[in-house]
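Data first, discussion second: the structure below is written as structure tokens.
We did not get these values from a lab; they are worked out from the coordinates using the rules stated. If you're wondering where the values come from, they're calculated on a predicted model, not measured in any experiment. Cβ atoms come from the backbone with ideal geometry, glycine included; neighbour counts cover every protein chain shown.
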Amino acid sequence: MTDPISAAAGAVEQGLADATRDYAPEHEHRPLGAYGVFTAAFGTTFGASMFAAYRHAGGFPERVSAGDIALMGMATHKVTRLLAKDRVTSFLRAPFTEYQDRAGHGELEEKARGRGMQLAAGELLICPYCLAQWVVGAFAVGMVAAPRLTRVLTAMWTAEAISDFAQLAYHAAEEKA
């Protein structure tokens with residue numbers, strides 16, 4: 001006999017499968033249920049973290065400066081590329097991805113593998129654009145709970161991103177010479 005929680009989860013899963021069956025051709029299967037789980041996980045984690053940060057700080061900052069927004073934006077760019085593309089962080093993605101090829105300056109090209117949660121996690125982990133919401137959400141919580149530390153960290157990753165752009169510009173100039 002199946003326990004009530006497993007039975008309910010199975011019914012929800014079957015209902016979602018029935019409702020989304022015709023969304024895409026079978027050869028282009030999209031793990032919509034897993035996307036829903038990740039969306040709920042992000043919303044819950046972000047909301048709870050922001051609430052805790054709000055309580056810890058005694059409120060939200062009066063405003064967020066343009067400088068803080070620029071730091072968070074550049075740092076988000078850098079951190080998402082580190083997580084999604086860097087060779088050294090490939091061990092984090094390996095359970096969910098398949099190596100395809102080198103992709104240039106310290107980066108790899110990978111493909112998500114599996115089905116369901118494994119596929120959805122792989123798609124998230126190889127997509128800097130997809131990871132950006134998670135990373136900038138963490139920085140936003142940090143700006144409320146620990147703004148000084150968050151500014152130091154975002155400044156560090158922003159400086160690293162600027163260095164990357166300078167390296168690429170230098171390499172391009174050498175190629176033209």
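Which of the residues spanning region 123-144 are surrounded by fewer than 18 Cβ atoms within 10 Å (Cβ to Cβ) and outside any helix (DSSP H, G or I)?
127
So which pairs qualify, if the first residue must be in region 58-81 and under 18 Å from residue 134 (Cβ atoms), the second must be hydroxyl-bearing (Ser, Thr, Tyr) and outside any helix (DSSP H, G or I), the Cβ gap must be under 7 Å, and the two must be at least 6 apart or on different chains?
Taking only residues 6 or more apart or on different chains, not a single pair turns up.
Testing residue 118 on (1) closer than 30 Å to residue 14 by Cβ; (2) without any contact (Cβ under 8 Å) to a residue 24 or more places away in the chain; (3) out of contact with any Phe, Trp or Tyr (no Cβ under 8 Å at 6 or more places or on another chain), one condition comes back false. Which one is that?
Tallying (1) closer than 30 Å to residue 14 by Cβ; (2) without any contact (Cβ under 8 Å) to a residue 24 or more places away in the chain; (3) out of contact with any Phe, Trp or Tyr (no Cβ under 8 Å at 6 or more places or on another chain), residue 118 fails exactly one: (3).
Which one of the conditions (1) more than 22 Å from residue 49 (Cα to Cα); (2) of a type in the set (Ser, Thr, Tyr); (3) in a helix (DSSP H, G or I) does residue 99 fail to meet, given that it meets all the rest?
Failing condition for residue 99: (3).
In region 102-122, which residues are outside any loop (DSSP other than H, G, I, E, B) and over 16 Å from the mean Cα position of the chain (by Cα)?
102, 107, 108, 109, 116
So which of 40, 84, 24 is under 27 Å from residue 110 (Cα atoms), out of contact with any His (no Cβ under 9 Å at 6 or more places or on another chain), assigned to a loop (DSSP other than H, G, I, E, B) and without any contact (Cβ under 8 Å) to a residue 60 or more places away in the chain?
Numbers: 40 fails: assigned to a loop (DSSP other than H, G, I, E, B); 84 fails: assigned to a loop (DSSP other than H, G, I, E, B).
24 is the lone residue from the list that is under 27 Å from residue 110 (Cα atoms), out of contact with any His (no Cβ under 9 Å at 6 or more places or on another chain), assigned to a loop (DSSP other than H, G, I, E, B) and without any contact (Cβ under 8 Å) to a residue 60 or more places away in the chain.
Of the conditions (1) surrounded by fewer than 19 Cβ atoms within 10 Å (Cβ to Cβ); (2) within 26 Å of residue 47 (Cα to Cα), residue 157 clears all except one; give me its number.
Only one criterion is unmet by residue 157, namely (1).
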